[in-house]
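Taking it in order: structure first as structure tokens, then the write-up.
The values are calculated or read from the model by the stated rules, or taken from the named source; none is laboratory data. Computed from a prediction, not measured in an experiment: that's the story for all the values here. Note that each Cβ is placed from the backbone with ideal geometry, even for glycine, and that neighbours are counted across all protein chains shown. These accessible areas exclude ligands, DNA and RNA; they are computed on the full protein's heavy atoms, side chains included. Shrake-Rupley method; radii C 1.70, N 1.55, O 1.52, S 1.80 Å.
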Amino acid sequence: MTCTSGPVAVLGLGMMGTSLAGRLLDQGVQVRVWNRTAERTEPLAKAGAFAAARPIEAVEGTAAAICTVADGDALSAVLRGPDGVLSGGSYPGALICASTVSPDEVVRLAGN
């Protein structure tokens, strides 16, 4: 099975993000990855992922972005920081939060 709806970004490459990105690559999905420790992107880049230097670069042209970061501060930086997903305005794709944060934190970051 392959995905034809467009590339997917995975932001945060801990155990969950790395496994998720690898599985997507295995399924033929174009994957763009970012991690605050750039070395974590190297194995996935060798497997075919595009390794981005900044979160906003990772989501360029993607149909969906999946954030898998450790806490609310990290999620805030990935979304709203100077190079964050939303630093250029709005993100037109699906933004999926699989981070270790509360639903209230997600709603707060969404601006609701």
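Some notes on this structure:
- Candidates 32, 40, 23, ranked by Gaussian network fluctuation over the chain, Cα under 10 Å, top entry: 23
- Taking amide H as placed 1.01 Å from N in the peptide plane, the amide H of residue 31 sits under 5 Å from that of 8, 50, each at least 5 places away or on another chain.
- Length available on full extension from residue 96 to residue 108: 0.36 nm per residue minus the Cα-Cα distance, which gives 2.8 nm.
- With every protein chain in place, the chain: carbon and sulfur % of accessible area (1.4 Å): 55 percent
- Rounded to the nearest 10 Å², the accessible area of residue 41 at probe 1.4 Å: 10 Å²
- Between 0 and 90 degrees, the angle of helix 15-26 with respect to the longest Cα principal axis of the chain falls at about 40 degrees.
- Normalised by the number of residues in the chain, the average gap of Cα pairs under 8 Å and 6 or more apart makes the relative contact order 25 percent.
- Over region 1-103, volume per residue of the alpha carbon convex hull, in Å³: 90 Å³
- Spatial offset of region 69-99 relative to region 11-53 amounts to 17 Å, using the alpha carbon center of each.
- Solvent-accessible area per residue, Å², over the chain with all protein chains present [probe radius 1.4 Å]: 55 Å²
- Net charge dipole size for region 15-95 [Lys, Arg +1 and Asp, Glu -1 on Cβ; Debye, nearest 20]: 80 debye
- Extension reserve of the residue 87-residue 54 stretch, reckoned as 0.36 nm per residue once the Cα distance is removed: 10.8 nm
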